[in-house]
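Trainee: Once you've had a glance at the structure underneath, I'll fire off some questions.
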Amino acid sequence: MLSTSHLSCNILADLLIAHGVKHVVLSPGSRNTPLIIAISRREDLKCHVVIDERSAAFIALGMSIQSGSPVAIVCTSGTALLNYAPAVAEAYYRHIPLVVISADRPEEWIDQDDSQTLWQQDALAPYVKRSCDICARIDFPNGKWWTERMINDVLLEAVNSRPGPVHINVRLDAPLNTQTDYETRSARVISMVTPPQLLPVADVRNLANTIAAPHRVMIVAGFHEPDYKLNRSMMRLASLPNVVVMTESISNLHSPLFMNRIDSTLCRLSETEKDSLRPDTVITLGGAIVSRHIKDWLRNIPKLSHWHIGISHTTIDCFKHLTMRINMDAAPFLSQLASAMSRQKGVSAYSQLWHDASMRASEFHDSYIEKAPWSDIKAMAHIFSNIPRSWNVHLSNGTPVRYAQLMDNMNIHRSECNRGVSGIDGCTSTALGSSAVFKGVTLLISGDMSFQYDISALSSEILSPRFKMIVICNGGGGIFRFIKATSEFPETEKYLAVGTNLPLSDLCKGYGISYFEADSCESLSHSFSQFVSESERPALLAIHTPPKLSADVLKGYFTGILPEQK
């Protein structure tokens, strides 16, 4: 095959394929020309071109989230690499295997006032599991062996144990456009076998005895990818009388046995009721928890025992009560625990008490939504009641993910949000990347501020009719009108909520996107059905809601008092 004459780039392309990379997101440049030549000429690698590196990295993040496989991103030298940082940080805390590949100048030209030069090799150091710096020339003794070993090591680390992003910095010297014949798949591949991890039976039985009824156990799941085996094990545990399982909108764990609206239930309980329902042991799994209500509550329970399950690079003590770190995947551990606990015959009413509380909260929710005026929560209730079951949903940070916490998510096929570091900067691009891999429809629900932050995603060539967007146009950052830390200041509207000038209709016209809008319950019902039916082009539904009233209605949801309308 005719390819670049830079051997390191050809070796890298070989090893990307060998280690399971199927998608590569490329951003244009000159220094990365040899990398683009080596990668784009491989039939086994599907390449996508995205000009904006920040958007490119989030698009790759979405692809990796959806596919479950490592995805590579390739950029030129200079500040291009720094634009990857937000998505790489998100990938690090979400355990997503992004493979960052940056072209670089020879080291002797760094800090010499040469074009596009800066220190790149450790630029992402806090947020990557492993990195390597490949020399501009490898035609020295052991050069090929060294290059193959380094790249294999980094790519293995991306998917090993706790997956995460890695960085390969490739120094390339001129000329960049020379070509030669290269025998593909000639690079040496190093593979790795990791045996399944299980606890000894005696250890599992001891743990099960520790939390047997009447001991009260609460399992809380943060963000997680769909996992049938984990779901089944948690259902077995949830059927026990002393165990309650709480899931969030982005836990992707579903069963009538689970409580999937944590905030709705907790905010309806008096302090006396909370005290009577507090657990003896809480078990957490998955990623960061959205619910501020449950975090605040559990942190203030005295003598609480906390077990955290998951392979992690550090000790995670979110509730300040950690007593046991179980460093293994949640699915096999909970399967073993469920088998051991199913033999227990203890009596408890703990689970039933929680489900009774959840039922009362559900009745309040339905009543409140019915009486509420046109607002964010009214619109979100309609959306979640009508999302087709086969669609995947991506939520932007801010109020959309928090509103989703209040809704019934049982019928959502898959739900995602960038909650690794909870930034708003790449929500649209992440959803768009996911839509490029998922064969069904991907729906993004975004606030107008989050959407404006990531408009460059709309120029991507991967935009397709399978991608749909709902933008809640509530005058900027609606969350700042709701949270106590910011809502009471006179500067909130000007400096925090920042009502946006977002010409969605014009943007849709320019990018070839079908545009719909709504500003009432009646118009939303009509527009939503048209929005769902659009199959020829990508579609966007703009929902206009009153800013301050929406915040007041949301506050009223938690206090139980519907605000008076003026």
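Trainee: Please compute the Kirkwood hydrodynamic radius of segment 2-176 from all pairs of different C-alpha atoms, in Å with one decimal.
Mentor: 15.7 Å
Trainee: How fast does segment 202-357 diffuse by Stokes-Einstein, in µm²/s, taking the Kirkwood radius from C-alpha pairs at 10 °C and 1.306 mPa s?
Mentor: The estimated diffusion coefficient comes to 102 µm²/s.
Trainee: Explain nothing, just the number: dipole magnitude of segment 2-176 about its Cα centre with +1 on each Lys and Arg Cβ and -1 on each Asp and Glu Cβ, in debye rounded to the nearest 20.
Mentor: Dipole magnitude for segment 2-176 comes out near 620 debye.
Trainee: Mind checking which of ALA87, LEU207, VAL498 is farthest towards the positive end of the chain's charge dipole, using Cβ charges of +1 (Lys, Arg) and -1 (Asp, Glu) about the Cα centre?
Mentor: The listed residue farthest towards the positive side: LEU207.
Trainee: Exposure proxy check: THR117, THR442, THR559 ranked by fewest other beta carbons within 10 Å?
Mentor: Fewest to most other Cβ atoms nearby, the residues stand as THR559, THR117, THR442.
Trainee: Another question about this same structure. How big is segment 1-70 in terms of Cα radius of gyration and Dmax, in angstroms?
Mentor: So, for segment 1-70, Rg and Dmax equal 12.1, 34 Å respectively.
Trainee: Quick one: what Rg and Dmax do you get for segment 450-546 from the alpha carbons, in Å?
Mentor: 15.2, 46
Trainee: Another question about this same structure. Return the Cα extents of segment 506-566 along principal axes one, two and three, sorted largest first, each rounded to a whole Å.
Mentor: In descending order, the Cα extents are 44, 21, 20 Å.
Trainee: Compute the distance from the alpha-carbon center of segment 279-305 to that of segment 440-482, in whole Å.
Mentor: That distance is 31 Å.
Trainee: While we're looking at this one, here's another question. Put a dot 7 Å past each Cα toward the Cβ at SER390 and LEU353; how far apart are the dots in nm?
Mentor: Rounded to a tenth, the inter-label distance reads 4.5 nm.
Trainee: Right, next: Considering the dipole of the chain built from charges on the beta carbon (Lys and Arg +1, Asp and Glu -1) around the Cα centre, which of GLN405, GLY512, HIS365 is farthest to its positive end?
Mentor: Final value for the positive-end residue is HIS365.
Trainee: Sticking with this one: Computed over the Cα atoms of segment 372-559, what is the convex hull's projected area averaged over all directions, in nm²?
Mentor: 10.2 nm²
Trainee: Distance in nm between label sites at GLU522 and LYS371, each 7 Å beyond Cα in the beta-carbon direction?
Mentor: For the pair GLU522/LYS371, the computed spacing is 2.4 nm.
Trainee: Let me ask another. Take LYS295 and LEU507, extend 7 Å from each Cα along the Cα→Cβ direction, and tell me the distance between the two endpoints in nm.
Mentor: Going from the LYS295 label point to the LEU507 one covers 2.8 nm.
Trainee: Can you list residues whose amide H is under 5 Å from GLU416's amide H, if they're 5+ apart or on another chain and H is modeled 1.01 Å from N?
Mentor: For GLU416, whose amide H was placed from the backbone, the distant partners under 5 Å are VAL393, HIS394, LEU395.
Trainee: So what's the back-of-envelope 222 nm ellipticity for the chain, counting only DSSP H runs of four-plus at -39500 (n - 2.57) apiece and dividing by all residues, rounded to 500?
Mentor: Rounded to the nearest 500, it is -11000 deg cm²/dmol.
Trainee: Sticking with this structure for a sec: Rg and Dmax of segment 278-433, Cα atoms, in Å?
Mentor: When restricted to Cα atoms, segment 278-433 yields Rg and Dmax of 18.4, 51 Å.
Trainee: Treat the chain as a sphere of radius equal to its Kirkwood radius over Cα pairs and apply Stokes-Einstein at 37 °C in a medium of 0.692 mPa s; give the translational diffusion coefficient in µm²/s, rounded to a whole number.
Mentor: Value of D from the Cα-based Kirkwood radius: 129 µm²/s.
Trainee: Please get the size of the charge dipole for the chain, origin at its Cα centre, with Cβ charges of +1 on Lys and Arg and -1 on Asp and Glu, quoted in debye to the nearest 20.
Mentor: Computed about the Cα centre, the dipole is about 1800 debye.
Trainee: Oh, and also: Relative contact order for the chain: what is it in percent, counting Cα pairs under 8 Å that are at least 6 residues apart?
Mentor: Computed value for the chain: 13 percent relative contact order.
Trainee: How high is the relative contact order of segment 372-559, in percent, counting Cα pairs under 8 Å that sit 6 or more residues apart?
Mentor: 23 percent
Trainee: Could I ask something else about it? Restricting attention to segment 427-528, which GluC sites (Glu not before Pro) occupy a DSSP loop and are surrounded by at most 12 other Cβ atoms within 10 Å?
Mentor: Sparse-neighbourhood loop GluC sites (Glu not before Pro): GLU461, GLU488, GLU491.
Trainee: As an exercise, use a Förster radius of 60 Å and the Cβ-Cβ distance of LYS548 and ARG188 to find the FRET efficiency, rounded to the nearest 0.05.
Mentor: 0.40
Any read-out appearing in this document is the output of simple, stated calculations on the displayed coordinates, not a laboratory observation. It should be emphasised that the depicted structure is a prediction, and the values quoted were computed from it without experimental measurement. No Cβ is skipped: glycine too gets one built from the backbone with ideal geometry, and neighbour counts run over all protein chains shown.
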